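Remarks on the structure that follows.
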Amino acid sequence: MAHFAKVNNKIVTKVLVAEQDFIDSYIDNEPGVWIKTSYNTHGGVHYQEDGITPSADQTKALRKNYAGIGFTYDEGRDAFIPPKPYESYVLDETKCLWEPPITFPTIINDGEDPVVWRWQISWDEIGYRINQKGWKAYKQNVDGTTHSDTNTYYWNGTAWAT
C-alpha cells in the first residue's frame with residue numbers, strides 16, 4: 001500500500017492509504033489532485049520502519065516530507081512543506097522544514113550522572129520579537145516534581161540566563 005495526499009490550490013486536504021490502481025480508477029468529484037507521499041520521509045531523508053535509522057536506499061525519499069492535512073505542496077520543489085509554526089521561523093530549503101532563527105540549546109539538563117533535572121524548553125515567539133531571546137526554559141526534576149528553582153531562563157547562545 002502507498003500513501004497519497006489530495007492537493008487543492010497547493011494545500012493538502014486529505015491523506016489516505018491506497019493502491020495506485022485505486023487512485024488511478026477513483027472517481028473523485030472533489031477538486032484537486034492526488035499526489036503520492038512517503039510515510040517514511042522526513043526532511044528529505046527516507047527512514048527505515050523504526051523512524052530513526054536512515055534507509056540505505058535514499059531513492060525512496062519522496063517529496064521531502066510525509067504530507068499532512070494543511071501542508072503546502074510546492075510543485076517547484078516537488079515537496080510537502082508543513083505549516084509555518086511561528087512568524088520568525090525560516091524555511092530550510094534542503095529539508096523543506098521550518099527552522100527557528102536561533103539554534104536549539106545545547107545544554108538540556110544539569111549535566112549530572114544520573115541526571116537530576118532537565119530543562120523544559122519551548123520557543124517564545126513574543127520574547128524573540130522583543131529581545132531576540134527565543135528559547136525559554138524552566139527546570140523540571142526527572143521524577144516529575146517541581147524543581148525548587150522556579151525562575152524562567154533564556155538561552156543566550158551558550159548558556160541559560162535569567
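Here are the numbers for this structure:
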read-out: Candidate set from region 78-90 (those that are surrounded by 16 or more Cβ atoms within 10 Å (Cβ to Cβ) and touching a Lys or Arg at 6+ places or on another chain (Cβ under 9 Å)); member that is nearest to residue 129 (Cα to Cα); value: 88
read-out: Considering residues of region 64-73 that are without any contact (Cβ under 8 Å) to a residue 60 or more places away in the chain and crowded, with 22+ Cβ neighbours inside 10 Å only, the residue nearest to residue 13 (Cα to Cα); value: 65
read-out: Exclusive hit being within 26 Å of residue 99 (Cβ to Cβ) and surrounded by 15 or more Cβ atoms within 10 Å (Cβ to Cβ), set 59, 37, 53; value: 37
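No lab work stands behind these numbers, since they all come straight from the coordinates. Note that the structure is predicted; figures quoted are calculated from it, not measured. A quick note on method: Cβ atoms are made from the backbone with ideal geometry, for glycine too, and the neighbour counts reach across all protein chains shown.
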